[in-house]
Each structure stands twice: as C-alpha cells, then as structure tokens.
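Asker: Structure provided below as structure tokens; questions to follow.
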Ligand SMILES: Nc1ncnc2c1ncn2[C@@H]1O[C@H](COP(=O)(O)OP(=O)(O)O)[C@@H](O)[C@H]1O
Ligand SMILES: [Mg+2]
C-alpha cells in the first residue's frame, strides 16, 4: 500500500487579529504519498506559504490534525517539531536564505551541525558530494554574493538535501530567477525527486510547471481543489 508521508485532516488556520478573526483556510484534507511531486498554486495572498509552513512544521495550525512521517505534529512542542524538521524535512525558499558570510560548502553543511553526532570531515564530504550533484563543485569555497541567483538556489537545494530528508518543500523556488535559470532549477528539483525518491511539495505561480507535477492542487478561497493532470482545465 502506498505510504502517506503527510496526512492532514480538517487543517485550519485562523489568525486572531486585534478586531477580528482571519480565516486563511479551513478544514483542508490532504494526503501526500512518498515520492510524489505536488504543485500548489493559487493567487497571491491565497495562503500558499501559510499552508506550506504548516505542512513543513515551521508553523502550527490553529485546528485539525497533521501527521508528518508518522508523527502527530499537534502533540509536539517547538523543540520536538524542530527535531521532526531535522530528520524529515528540507525547505527551499524563494529568496535562497543563505548565510552571507559562509561559503557555499559551509552553508550546505550547516544543518548537519545541529545533529548530535556531527562529524566535520564526514559532513564536509557529504556537502561536497551534494554540491557536485547540483553542478557547483567548483564554487564550494565561494560566498553567496559572488554567486548568481541560480547558483545560490542550487546551494540552497543542496543544503535542503544534506540531512537526507523525506520531503522537500519549495516555496516559489524560481520566483527570483530569470526564465532560463528557473527552468534549470525546476529540472534539478524533478531530477532529484526521481533519483532520491524524495517527496516534492512545490508552491508555484507557473501553471505550466504545476502541470508537470504528478499532482496539482489549487488553493482558492480557503479550499484546496485537485486538478486532474493531463486535463486542459486549470
Ligand atoms: N501572521 C499573520 N497575521 C496576519 N495575516 C497573515 C499572517 N500570515 C498570513 N497572513 C495573511 O494571510 C494571507 C495568506 O498569506 P500567504 O500564505 O503568505 O499567501 P500566499 O503565499 O498565497 O501569497 C495573506 O492575506 C496574508 O496577509
Ligand atoms: Mg507566498
């Protein structure tokens, strides 16, 4: 039987503002299977980043149930959720979020420093292997400011992979890149999904890209709509 790496039931995010309660989404139900590629689309402000942040356990939902790799997230405290992220999750941001004073290699190694049994030489070896995989072997000693946007995003992808996560979340990972570079980064994410069997949950504005994923979910007015892939209607 296919194995769900993420299972959400009645997932709800309401935010209490000074004078009213803002509902971003309500009662979302979603199962994501191991190895799947999922695209989430929706207009700006529809709640895509909020949803991704909750699925990635960076934020907590105000209601509903969420299981990530078998862990019941609502029952965990912040520290325990951080451990879940460390073990299972890689995150790629639109704005790369690299540390400017560290080299590409050091940025990629960084998550491993949080592991209790961190070993420098082994971490360095793994980071170099990943930089090779994303085509940046020669840039290992460069700091982010001398790298192009596409190269910075490749470093961020290598960093997301260093803990061998089960799931990669990417929030508009090509939003700051020119169209040719965006294509290369998309191909890289797909290739890694295929090669490593890592589940890929991708937020994108790009409907063409969304159609290339196995599943396409559209967030509209607080509800998720699943598009049948291969159909014309989006
Ligand atoms: N902590 C918050 N406080 C108030 N409003 C928020 C908060 N987080 C998100 N929002 C609002 O929720 C909506 C969804 O935001 P977001 O998830 O960033 O959308 P998207 O990524 O689809 O553009 C937006 O209107 C945003 O302003
Ligand atoms: Mg967003």
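No value in this document is a laboratory result; all are computed from the given coordinates. Nothing here was measured: the structure is a model prediction, and the numbers come from that model. Virtual Cβ from ideal backbone geometry, glycine too; neighbours counted across all protein chains shown.
Asker: Comparing 17, 224, 76, which has the greatest mean-square fluctuation in the GNM of the chain with Cα pairs linked when under 10 Å apart?
Answerer: Greatest mean-square fluctuation among the candidates belongs to 17.
Asker: Enter the angle in degrees (range 0 to 90, nearest 10) between the Cα long axis of helix 120-133 and the first principal axis of the Cα atoms of the chain, meaning the one along which they spread out most.
Answerer: 70 degrees
Asker: Between 111, 100, 144, which gets the highest mean-square fluctuation from a Gaussian network model of the chain, Cα cutoff 10 Å?
Answerer: It is 100.
Asker: May I pose another question? Arranged by the count of other C-beta atoms within 10 angstrom, fewest first, what order do 73, 15 take?
Answerer: On the way: 73 20, 15 11.
Ascending number of Cβ neighbours within 10 Å: 15, 73.
Asker: What percent antiparallel are the DSSP beta bridges of region 4-226, to the nearest 5? Present the calculation step by step, with values, prior to reporting the outcome.
Answerer: Working: 20 of 37 bridges.
About 55 percent, rounded to the nearest 5.
Asker: Rounding to the nearest 10 and keeping the result within 0 to 90°, find how far the Cα-based axis of helix 179-196 lies from the longest principal axis of the chain.
Answerer: Roughly 90 degrees, rounded to the nearest 10.
Asker: Can you give the FRET efficiency for residue 10 and residue 83, using 1/(1 + (r/R0)^6), R0 = 35 Å, r = Cβ-Cβ distance, to the nearest 0.05?
Answerer: Working: r = 25 Å, r/R0 = 0.72.
Using R0 = 35 Å, I get an efficiency of 0.90.
Asker: Using a Gaussian network model of the chain whose springs link C-alpha atoms within less than 10 Å, name the residue from 170, 116, 140 with the highest mean-square fluctuation.
Answerer: 116
Asker: Mind sorting 88, 120 by how few other Cβ atoms lie within 10 Å of their own Cβ, fewest first? Spell out each step's value before the answer.
Answerer: Values: 88 21, 120 10.
Least to most surrounded, the residues fall as 120, 88.
Asker: Test of understanding: ordering 220, 91 by Cβ neighbours within 10 Å, fewest first, what list do you get?
Answerer: 220, 91
Asker: Could you state the angle between the C-alpha long axis of helix 78-88 and the longest principal axis of the C-alpha atoms of the chain, as a value from 0 to 90 degrees rounded to the nearest 10?
Answerer: Around 60 degrees separate the two axes.
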